[in-house]
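Below: one structure, written as structure tokens.
A short reminder: the numbers here are calculations on the coordinates, not readings from a lab. Keep in mind that this is a model prediction, so the values were computed, not measured. Quick reminder, even Gly has a Cβ in these numbers, built from the backbone with ideal geometry, and neighbours come from all protein chains shown.
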């Protein structure tokens with residue numbers, strides 16, 4: 001089995017088109033990790049400014065809601081423009097925006113409206129780029145390789161993001177804390193985005209699609225965005241596996257969001273666990289939790305292609321969400337740093353395994369002409385679910401992040417999601433074609 005898995009990975013990495021697309025993802029997500037960690041350090045871990053649950057919720061809403069509004073428009077562009085050009089130009093744009101934002105952050109601080117506005121645009125552009133990468137992937141691998149390709153690219157991308165976060169943390173003693181240090185780190189992130197843009201120029205313009213771009217004028221297409229979204233939604237609704245997958249991943253994102261906000265608050269200087277550390281060590285503890293989550297995701301990337309060959313992607317989603325429910329109860333309730341490390345590993349495993357399966361189900365069942373709109377809608381659901389979780393956390397979480405009610409809500413939510421998804425999938429199995437054979 002190990003030899004076969006190595007053969008599959010080697011077969012993928014021998015594809016030059018995939019390698020080029022992967023380098024673009026790695027450079028871009030390295031920049032994401034640098035820039036977003038710089039913001040987190042300024043907003044959440046400024047020793048002179050305590051963070052409440054409401055402030056944390058507001059910060060996430062401000063950063064994530066804009067793409068929820070522009071996502072359908074982004075899908076129109078992804079189904080019309082060369083996705084290679086999108087990757088090049090969007091990375092150049094966010095390099096310039098991050099450089100400007102870094103300068104303004106150092107001068108004006110994170111409370112300035114212009115800094116917050118530019119951060120909104122940058123985060124929205126990040127999601128646009130990730131949508132383009134997902135829509136482009138089926139053009140550089142065969143359908144039977146999609147599970148393994150999604151596992152490889154999303155996991156390595158997450159690893160690049162984590163590396164960016166580690167670099168941003170390591171740079172803090174050199175560049176300084178507070179807005180000035182965040183601004184200097186942002187300039188390093190801009191260099192990573194420039195590298196992603198340069199790497200995108202190595203890809204052939206027409207390689208990544210769309211295969212059949214619409215012939216209508218762009219203005220007309222934008223004027224009919226609502227109709228296009230309705231068409232995309234109808235396209236998904238007609239494909240049961242895709243519709244159920246989006247519903248399940250949206251529920252997961254809500255419960256994952258609750259956990260994320262709670263964990264951030266727990267490790268702030270005033271948090272239940274952060275108060276047990278000295279100096280900036282609370283942030284170090286948070287990085288450790290994040291690292292275990294990434295390790296769980298890496299494990300999921302290795303295990304998921306093997307398991308889905310036997311069980312299928314839909315059954316595997318049920319298993320990993322059920323495991324997340326158990327882990328929240330067993331390792332979340334003690335509220336110790338060591339237990340949280342284990343919980344983070346299991347939740348990271350479940351999140352990555354579910355994303356690999358959902359990405360694959362959408363890529364398999366959605367026609368290429370709709371992929372841009374569907375993946376943009378997918379990202380919009382992702383963001384809206386997380387923002388809803390952030391809003392709920394403002395009501396449910398105390399300032400120190402410890403809440404047995406939230407632990408129970410997250411565990412029960414994952415259990416109900418696993419049960420509901422499993423029941424619906426089982427009922428529809430007789431009416432739907434079997435999943436495609438992958439990576440035999």
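Per-structure values
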| item | result |
| --- | --- |
| The range 244-279-the range 301-351 distance, computed between alpha-carbon centres (Å) | 16 Å |
| Simple spin-label estimate for residue 395 and residue 191 in nanometres, 7 Å along Cα-Cβ | 4.6 nm |
| Mean-position separation - Cα centroids, the range 360-422 and the range 93-167, in angstrom | 19 Å |
| Full-stretch length increase - residue 388, residue 238 - with 0.36 nm per residue and alpha-carbon distance subtracted | 51.3 nm |
| Residue order, fewest to most surrounding Cβ atoms within 10 angstrom, among 362, 26, 113, 329 | 113, 329, 26, 362 |
| Added length on full extension, which subtracts the Cα-Cα distance from 0.36 nm per residue, residue 302 to residue 404 | 33.4 nm |
| Spacing of the two label points (7 Å from each Cα toward its C-beta) at residue 170 and residue 217, in nm | 5.3 nm |
| Net lengthening on full extension, residue 54/residue 326 (0.36 nm per residue, minus Cα-Cα) | 95.1 nm |
| Per-residue Cβ neighbour rank within 10 angstrom, fewest leading, 134, 323 | 323, 134 |
| Over the chain: helical MRE at 222 nm, DSSP H runs n ≥ 4 each giving -39500 (n - 2.57), nearest 500 | -27500 deg cm²/dmol |
| Label-point gap, in nm, between residue 276 and residue 108 - each point 7 angstrom along Cα→Cβ | 4.1 nm |
